[in-house]
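Everything on this sheet refers to the single structure shown next.
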Amino acid sequence: MKNVLMVSAVAALLVLSGCSSKDSSIEPYDNSGVTIQPDTSSNADTEELNGEDVVVVEGTDANEMTLSALESRLNSVHFAFDKFNISSEMQDIIDTNSQLVKSDAKNYSVKLEGNCDEWGSDEYNYALGLKRANAVKSSMIRDGVSAERITMVSYGESNPTCTDKTEACWAQNRRVDFKLLP
């Protein structure tokens, strides 16, 4: 009797958890989730892309290219195994990045992304990634970057740049990356 009830309950759950019938069409949207309406202002041109009219606003691509170009000039800071202290070589990279952030990228905030290799537990690696990001933040503040412009996040071991099982690869994953935010 219990088996019949259990099988009935499982079958009911399977039936009730069926696929949704949402419309799968995609509307263009911006980051706020608002649908983009065609813009007929004087600084916008309409182009056709794959049969759709696309509005191109002057300056938008230039801002993104500037952000991307600036971000490409920021170098990652690497760390020794199980460490979050900054070597003199990496301090030079932080100093260079701080100068860029204070001058050319003065209109942007900076996100420091702490990363680790695959050794250690998830909790330990998230904490170590945050300690690494915090060490870089402290160094940037000493270089004159405002603390209000800096945010931090730790990805632990979940954001590797290399997945080989070698020491050289693991060393690439022990890092803090710099991202610019508008």
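The values are calculated or read from the model by the stated rules, or taken from the named source; none is laboratory data. Model, not experiment: these values are computed from the prediction. Don't worry about glycine lacking a Cβ; one is built from the backbone with ideal geometry, like all the others, and counts go over all protein chains shown.
Structure notes:
- Residues in the range 129-168 that are of a type in the set (Asp, Glu) and touching a residue at least 40 places away in the same chain (Cβ under 8 Å): 143, 157.
- Residues in the range 148-169 that are in contact with a Lys or Arg (Cβ under 7 Å, 6 or more places away or on another chain) and polar (S, T, N, Q): 151 only.
- Wholly enclosed helices (runs of 4 or more DSSP H) of the range 63-174 bearing at least 2 residues among the hydroxyl-bearing types (Ser, Thr, Tyr): 88-102, 122-142
- Residue check for residue 105: at negative phi, buried (at least 20 other Cβ atoms within 10 Å of the Cβ) and touching a strand residue (DSSP E or B) at 6+ places or on another chain (Cβ under 7 Å): yes
- Filter pass, residue 71 being charged (D, E, K, R), closer than 24 Å to residue 171 by Cβ and surrounded by 15 or more Cβ atoms within 10 Å (Cβ to Cβ): yes
- Test for residue 71: is it at negative phi and either modelled with pLDDT of 50 or more or under 22 Å from the mean Cα position of the chain (by Cα) (or both): yes
- Picking from residues in the range 74-83 that are buried (at least 17 other Cβ atoms within 10 Å of the Cβ) and of a type in the set (A, V, I, L, M), the one that is nearest to the chain's Cα centre (by Cα) is 74.
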